[in-house]
Structure formats: C-alpha cells, structure tokens
Amino acid sequence: MEIKMVNLTKIFISKGKKEVHAVDHVDLVIPSGKLIGLLGPSGCGKSTTLYLIAGLLRQTEGQIYFGEEEMSETPPEKRGIGLVFQNYALYPHMTVRENILFPLENLRVEKEEAKKRTYDMAKLVGLEEMLDRKPKELSGGQQQRVAIARALVKTPRVLLLDEPLSNLDARLRLQTREEIKRIQRETKITTVFVTHDQEEAMSISDEIVVMKDGVIQQMGEPQAVYDKPANLFVAKFLGNPQINVFDGEIKNKEILIEGMVVGKKDMPDQKIFVGVRPEAFVVDNENQASFRFKVDLVETIGRDTTLIFDMQDDSENILDKKTFKAIIDAGFRIKADDIVHFNIKPDKMHLFDLNGNIL
Amino acid sequence: MEKKNNLRAWLYLAPLLILMAVFTFYPLINAFIVSSYKGYLPLSGTADGIDLFYNYGVILKNPLFKKAIINTFIIAGVSVPVSIFLSLLIAVSLKSIPKLKGLFQTIYFLPYVTNTIAIGMAFAFMFHEDYGVINLILGWFGVSPVNWLGGTATYAAQMIALLILTIWNGLAFKILVFTSGLENIDKQYYDAAKIDSASKWTVFKRITVPLLSPLILYISITSVIGALKAYNSVVGLFGDVKLGAQNNSMITIVAFVYQYKDGYTDKGYISYAAAASIILFFITAVISILQTIVSKKRVHY
Ligand SMILES: Nc1ncnc2c1ncn2[C@@H]1O[C@H](COP(=O)(O)OP(=O)(O)OP(=O)(O)O)[C@@H](O)[C@H]1O
Ligand SMILES: [Mg+2]
C-alpha cells in the first residue's frame, strides 16, 4: 500500500497563542512494500507526521492517501494501520496473549482463527513461551516485540514505528533492528520507521527521509543521500563522525581553504562552506599536497586512525576552537604535532553556499 | 540512637494515638462492655449481671432488627454498584467534553456540600404523589402517579425512592475521585486502543475500568461502609420518628441503634443498642476484608 501525503500541514497552537508548524507543507510518497526511515533531530515533527498518517492527529491542511483511497478524514480505527508507540503503550493489565489478541477481538475475527494468528505472531517475534506474562514481567526488548506483534497481527496495510528502539541497550538495539527488518521483509508491509539515530535509519531503511523543522529536506536511498546531500543540514546530520565544515572560497575556479587549494570548481568567485567527510582525506606527504595541517591529537581504534586538528591557531578560547577530524588507515605512523599533507577525494567533498544549499 | 529515634516517632504519633484511644477505641470497648450487661440501666448504673451473648440473642430474634438488617443490606447491595457504575460513566463522559467539565463538575458536586437531610427533604417533595416532579415526568410517559412515600406506599416504592436518593447523594464524591483517576491514565493507552479499532464501550470495559480498578476498589469499600451506616437519608425522606412510609418500614441498623439508645430509660435498651452497633461493626469489618481478598485477584498492579 503506497502512502501519499499532499501538502500535509499540522499547526499546533501552544499556550501563548504561538503557532508551531510541526509538519509544514509536506509532499511525500512512500512506495508500497518499502521500509522508510523518517529521520531528523528532536522536535522536527517525526512523531507528528506518524500520528497524522495514523489519524490520531488531524491535519490542519493537506491530504493523505493510502493507495488511491483518500484517508484524510478517516478515523484511526478504520485506517487499518499498525502503530508501535515510542514507549510501546502495552496494556499493563493484559497478558501478552491478551495484548496481541485485542485488535483481533475488536475486528471480530473468529475465535479459533484469532487464537491461531496470535500464536503465529508470537512465534514470529519469538515470544511464544511468554504468552501468559504481563508486560511488566518482560524486558524492554521483549515488550517491544509484543508491541510489534500487536501492530502486525491484524495484517495492517501500513506499519508505523515511532522510535521503537530508543529504550533498548546497544546490543538489543542492534538485534531488534535486524528483527524488524526481517519481519518487514517477510510481511512486505509498507513501513515507516521513525528515529533520530542516523546510523539506525541508514542501516535499516530502503529509503530515508530527512526532516527538519517540519520540512522534508531530502529523500532517497541511504547511501545516495549520504553521497549527495541536498544541503548542509543533511550533510551534517548523516555520518559519524560528522562531516567537517570549513570556511572556504572559490577563487579563479579553485577551491581554497585558508588559502590552500583543495580542488577545482567552475564557478564565479564567492565565499562558501566546504564540507569534507572524515574519510575523504588521503595522506600525501611525498608530493607535499597543498592542503596541510598540524595534528593536535591522534586516536587509533582498530583499523582506523582519527586525526584531530584545528585551523584557526589564533583563537583565544580553547572551547571556541573548531576542531576537525580525518580518518586514515592505521598504517600511517603519525604523531601529535606532525604536519601532514593531504589530498581530498573530490566525491567526498561537498560545496555549499552561505545559506547551506548545495552548489 | 535507635531507641531515641523510636521514642521520637512515638512522640510524633502520640497526639493521634491519644485522640484515637479516646474517641475510637474507648467507645468501641465501652460498647462491647455495655453489650454484655443484662438488664442494664445507665441512670442508676445497675445491672442484673453479665452475660456475653444475652443481648445479641435478644436483638437477633427481634423482627425490627431483622428488618433493619435486610433494609441496610438492600441499600448497600444496590446503591453501591449502581452509583459506582453511574459515576464512572459520568466521569468518562465529562472527560470527553472538556469545555463543559467545570460547569458539570460544580453541578455534580453540589450534593457533596449540601446536608444529606436537606437533600432528603428536597427529594421528599420531588417524590410527592400529587405535586412531585417525578410523578409529573412519569405522567408524560403514561405512567399513573406512584405513591412513593405516602402512608400506603408499597415497600418497593419507598425503597426505590430511598435508593435513588442514596445513589444521587453518593455520586458527587465518586465522580470527583474517578475524574482525577482518569486524568492519571496515560493517554497513549487510548491512542493504542484507537489503533486497535476498539469501540467506545470496549475501551471503557477493557481499558478504563481495569486501569481504574485500584480506585474502584477503594471507592467500593468506602461506599459499602458508608451505605451500611445509612441513616440520614431515611431521616431526610421520612423524618426521624416514622423512619418509613409506615412506621419503621425503612429502618436501618444505625436507626435501630438510635432508637434503642434513646430509650435508655428502659431496662436493657442501651445494651441492645450497643449489641446492634457491635454487630454492625463486625459486618462492616467482614465485608471490607472479603472485598479486599476478592479484589486482590481482580485488581491490577
Ligand atoms: N500537542 C502539541 N501541542 C503543541 N505543540 C506540539 C504538540 N505536539 C508536538 N508539538 C510540537 O511540534 C513539534 C514537533 O513535535 P514531534 O513530537 O513531532 O517531534 P519529534 O520529531 O517526534 O521529536 P522527538 O524526536 O523528540 O520525539 C515540536 O516543536 C513540539 O513541541
Ligand atoms: Mg517523537
């Protein structure tokens, strides 16, 4: 089931009569059967978008379609969606079995059939042994799987997950992430997965949607968005460590950082931001490549060495200093205070105008 | 150190303990002692002797006391579940009309700040056979006037009137408690229920009631205790002499206690009153304990 949002807008009026544009003129098509990661910083409107799709919130403006069918005015009960809440919202007084059975009872599924589907679903999420426990007798990860089972048991047309992994520890998070992906593949239900963790979104999603202040910044396959960010915000939001952003300029069709040439660009002279991914730096001491800096700190973890450096040596306040990171092969013997020369891989370097738009 | 702290704790508790000793334990023990005198006359302070069970035997055989017990049990057995159910429904409905909530809360709260006897008198007017608003409304539906409270009223009619008064009277406090209880239920459960396609009634039955069950238990225990002590409502509706459309037809255990207490100039009457109040005490205690035990299985958390 394809989900289409047209000009979707949600304005909250807060206490002081101030308008909050939580979702701002969003046009988005979520392809059928795909798992989409909805990604953005806290407060950017991810949950609001999800609740609009679910029908728990009513849009201020715009329409929502499931396939050809307009859903804008349909109450949540009739939308046929499964929703996993941020903190699961399992009914605390019901057992796992009752929790999973509840939507089926409401849909008046025949008793034997409902029983069987509950068991099958519990088995799919690996909880068939725990059907008679109450939610509070389960670990966070198990509760989360109950929530998924409850959302999936009615074979919804759309599955919505609101930061379902945020309460889990690192190991469980990885494991559950894989499980969600597996279940989604098996069931082929169109799924929207909300998270503010870029790594999580990148690893689980067929496509990601990056959002900021209620506005969609970019949509595409994770690697494509990473490789070709539409603006500085997206470039900064994806990737760990973050992309390095240098103050630079274009002069005589050359890209300069602090007067050092790092590449070419056929554009009129102007001040720009140069975004360089940490993995874009290639050590080139033999040819004395023109971009060089003094290394402040060297961190070697496993295969990688991270060089930390800053540019404005004259800055008074240490906390004000903008530091940069370069990740290179651990094979290079580099110590703090060494001066190192680099080439920068052109495809890992992105140029932005001073408004943050890609050039 | 430990000992000192203990002493201090006792000191803090002392005012309360002393008050309880004077006003709760002493009267209870005293009532127990009085209930064991045979032929006791408080004015002269004389008794024919001590017999632990004599007075209980007398009143348990007394038809008036049997009637008092039956009436009291009917009042408690009907008014408590009905008023809990109604107040839950009202509290839930109030929640869905937040704008009118304040107004309705005031309306529903009026009985709580009004004297029961005054309400009873107002109800007595409303239930009047010829001029009462109840019969007027029933008339619209083609029901001929019912004699609710008059001298020839049937037992059922007067009991129904009494029950309606009792239920109405208890609604306010319950609505208040349930309204604040509802506010403490996480809104997400209701969102989840919507996603799970639950109807309003299912939500009420399967989510609201279970999540409020600790409060419902608390309210049902306190209101059973309150209903077992029913007296004011009877006085308000029928006056403290008649206690019913016919003499004593709506008598309750507490009313029985009052009657015999007031008759203390008759030999042994004060002991009958004491025995009746001890019986009421045990009935209350047993029902409360039973309720707690039964509910343990059904109350969540
Ligand atoms: N009921 C509400 N009333 C007023 N403002 C609201 C309401 N719900 C959300 N907002 C505002 O709308 C904006 C988007 O909120 P939303 O919950 O969608 O963010 P989010 O992206 O899910 O954030 P997080 O990652 O922290 O969950 C925020 O600025 C928030 O303060
Ligand atoms: Mg959120």
Reported set for segment B:17-45 where residues are out of contact with any Lys or Arg (no Cβ under 9 Å at 6 or more places or on another chain) and more than 26 Å from B:Ile283 (Cα to Cα) is B:Ile18, B:Pro42, B:Leu43, B:Ser44, B:Gly45
Selection within segment A:126-155 - in a loop (DSSP other than H, G, I, E, B) and out of contact with any Pro (no Cβ under 9 Å at 6 or more places or on another chain) | A:Gly126, A:Leu127, A:Leu131, A:Asp132, A:Arg133, A:Leu138, A:Ser139, A:Thr155
What pairs come up if the first residue lies in segment A:181-195 and is in contact (Cβ under 8 Å) with a residue 60 or more places away in the chain and more than 15 Å from A:Ala149 (Cα to Cα), the second is of a type outside the set (Lys, Arg) and part of a helix (DSSP H, G or I), and their beta carbons are under 7 Å apart, counting only those six or more places apart or on different chains?
-> A:Val192/A:Leu50; A:Val192/A:Ile53; A:Phe193/A:Ile204; A:Val194/A:Ser47; A:Val194/A:Leu50; A:Thr195/A:Ala201
For residues that are surrounded by 14 or more Cβ atoms within 10 Å (Cβ to Cβ) and more than 23 Å from A:Ile183 (Cβ to Cβ), scanning just segment A:62-88, find the one that is nearest to the other protein chains (Cβ to nearest Cβ).
-> A:Glu77
Taking segment B:246-277 only, how many residues are buried (at least 22 other Cβ atoms within 10 Å of the Cβ), of a type outside the set (Val, Ile, Thr) and in a loop (DSSP other than H, G, I, E, B)?
-> 1
In segment A:1-55, the residues that are farther than 23 Å from A:Asp197 by Cβ and part of a loop (DSSP other than H, G, I, E, B) | A:Met1, A:Glu2, A:Ser14, A:Lys15, A:Gly16, A:Lys17, A:Lys18, A:Ser32, A:Gly33, A:Gly55
Using the structure shown, decide if A:Val109 is crowded, with 17+ Cβ neighbours inside 10 Å, under 30 Å from A:Val234 (Cα atoms), more than 13 Å from ligand 1 (Cβ to nearest atom) and not small (Gly, Ala, Ser).
-> no
Looking at segment B:112-137, which of its residues are assigned to a helix (DSSP H, G or I) and in contact with a Leu (Cβ under 6 Å, 6 or more places away or on another chain)?
-> B:Gly120, B:Phe123, B:Ala124
Cross-chain or 6+ apart pairs with Cβ under 7 Å, segment A:42-61 first and outside the structural domain of A:Gly82 (by TED's automatic domain parsing), then within 12 Å of ligand 1 (Cβ to nearest atom) | none
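The values are calculated or read from the model by the stated rules, or taken from the named source; none is laboratory data. As the structure is a prediction and not an experimental result, all values here were calculated from the model. FYI the Cβ positions are ideal-geometry reconstructions off the backbone, even for glycines, and counts take in every protein chain you see.
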